[in-house]
1. Considering amide H positions built from the backbone, and no H for Pro or chain starts, which residues 5 or more places from Leu14, or on another chain, come under 5 Å of its amide H?
2. Considering every Cα-Cα pair within region 2-54, what fraction, in whole percent, is farther apart than 16 Å?
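What follows is calculated from the coordinates using simple rules that are stated; it is not laboratory data. Here the structure is a predicted model, which means the values were calculated and not measured.
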Amino acid sequence: MERKWRCKECDTLLGVEHGDHMHLRYKQAQYVVDGGDYNVMAVCRNCSTINERNGGRQQS
Ligand SMILES: [Zn+2]
C-alpha cells in the first residue's frame with residue numbers, strides 16, 4: 001500500500017508513503033523516514049510552501 005504525499009498548495013509530489021516508511025526524494029538525494037512515528041517537514045520545490053506530515057496511524 002502506498003500513499004502519495006503532495007504539496008497542499010500546488011500538488012507537487014513531495015514523497016511517497018509505504019506503510020511505516022516515508023520516502024522523500026529531492027534531486028540526487030533520497031531519504032527514508034522510518035519508525036512509524038515521525039514528523040516530517042518538506043519545503044515544496046515548486047512553490048516553497050512548508051508541508052508537514054505526521055507518520056503513523058493518527059493520520060486519517
Ligand atoms: Zn507547492
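1. Trp5, Arg6, Cys7
2. Values: 485 of 1378 pairs.
Here the tail beyond 16 Å accounts for 35 percent of pairs.
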